[in-house]
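Asker: Below is the structure I would like to discuss, written out as structure tokens.
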Amino acid sequence: MAKTAYYPPEYRKKEFNCAHCKVFAHQTWISNLRGELVDVIALNSPNNPSEELSPPGLFAASKCAYCNKWSIWIEESLVYPVQIIVEDPNDDMPDEVKELYIESAQVLPTSPRAAAVLLRLGLQILLGAVGGGGKNINNNIKKIVESGVDRETQRALDILRVFGNSGAHPEEIKLDENPDLVYEMYELMNIVTDRLITRKNKIDELYDILPEKKKDYIKLRDSKNKNKNKNKEKL
């Protein structure tokens, strides 16, 4: 299924996806000059004598025609509401991990390193929720890998670990110089959540639908296979 087009908020644009409701809608622009509300679009008009009274782009506000909420702009940058410019967290993320994901996304524009550290913390909590256990994130990943995750998931976990560590202790990887790497971490967090939680939950839900007789047969079959393997080991 094709993704719906998304047009992020942009200074002086008449239509975009609202920073509040996310709906693509018309925006009414105003600016404050001498205490009066005037149309920002008119600031660049050669016939507008007010242009000299306030630097263009110093302050502006846009109102969404759909939700009627205001967004605040200072020096042509959106300052309210705080923009989340990464994909939404996976619905199956544990709540504590989801909160760290969103907090990380909020600080990303000003501090990629801080954002990476918060994601690393979220990863550690996520691993604990799926059986990783201890406080050492490297050992947690090792334990998860031993449980049988695929190679791509293992690599994604290690990328998140290494990038997150680089946020706190920059060495070869300098995230301030390569902020695009931090943007990739959000997608990886969603991927590992999908691999470790979402898919398992989906399979468990479908398995629960199976008739009890079928599930009993499966248990019996699997127990026979285990006994055969034990006998082979003895030989």
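The values are calculated or read from the model by the stated rules, or taken from the named source; none is laboratory data. Keep in mind that this is a model prediction, so the values were computed, not measured. Using ideal geometry, Cβ is built from the backbone for each residue, glycine included, and neighbour counts are taken over all protein chains shown.
Asker: Do you know which residues across the range 60-89 are of a type outside the set (A, V, I, L, M) and assigned to a strand (DSSP E or B)?
Answerer: Those that are of a type outside the set (A, V, I, L, M) and assigned to a strand (DSSP E or B): Ser62, Lys63, Cys64, Trp70, Ser71, Trp73, Ser77, Tyr80.
This table checks each residue for (1) modelled with pLDDT of 90 or more; (2) closer than 14 Å to Glu76 by Cβ; (3) part of a loop (DSSP other than H, G, I, E, B).
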residue	(1), (2), (3)
Ala5	no, no, yes
Cys21	no, no, yes
Ala25	yes, no, no
Trp29	yes, yes, no
Leu37	no, no, no
Ile41	no, yes, no
Ser50	no, no, no
Pro56	no, yes, yes
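Asker: Also: Scan Val107, Val86, Val149 and give me the residue that is free of Cβ contacts under 8 Å to residues at least 12 places away in the same chain, surrounded by 14 or more Cβ atoms within 10 Å (Cβ to Cβ) and not assigned by TED's automatic domain parsing to the domain that holds His26.
Answerer: Val107
Asker: Look at Lys174 and say whether it is among the charged types (D, E, K, R), in contact with a helix residue (DSSP H, G or I) (Cβ under 9 Å, 6 or more places away or on another chain), outside any helix (DSSP H, G or I) and free of Cβ contacts under 8 Å to residues at least 24 places away in the same chain.
Answerer: yes
Asker: Next question, about the same structure. How many of the residues making up the range 90-119 are basic (Lys, Arg) and either in contact with a Leu (Cβ under 9 Å, 6 or more places away or on another chain) or under 21 Å from Asn178 (Cα atoms) (or both)?
Answerer: 1
Asker: Of Arg161, Arg113, which residue is in contact (Cβ under 8 Å) with a residue 60 or more places away in the chain, in contact with a helix residue (DSSP H, G or I) (Cβ under 9 Å, 6 or more places away or on another chain) and surrounded by fewer than 22 Cβ atoms within 10 Å (Cβ to Cβ)?
Answerer: That would be Arg113, the only listed residue that is in contact (Cβ under 8 Å) with a residue 60 or more places away in the chain, in contact with a helix residue (DSSP H, G or I) (Cβ under 9 Å, 6 or more places away or on another chain) and surrounded by fewer than 22 Cβ atoms within 10 Å (Cβ to Cβ).
Asker: OK, next. Could you tell me which residue of the range 164-173 is farthest from Leu118 (Cα to Cα), considering only residues that are of a type outside the set (S, T, N, Q) and surrounded by 14 or more Cβ atoms within 10 Å (Cβ to Cβ)?
Answerer: The residue in question is Ile173.
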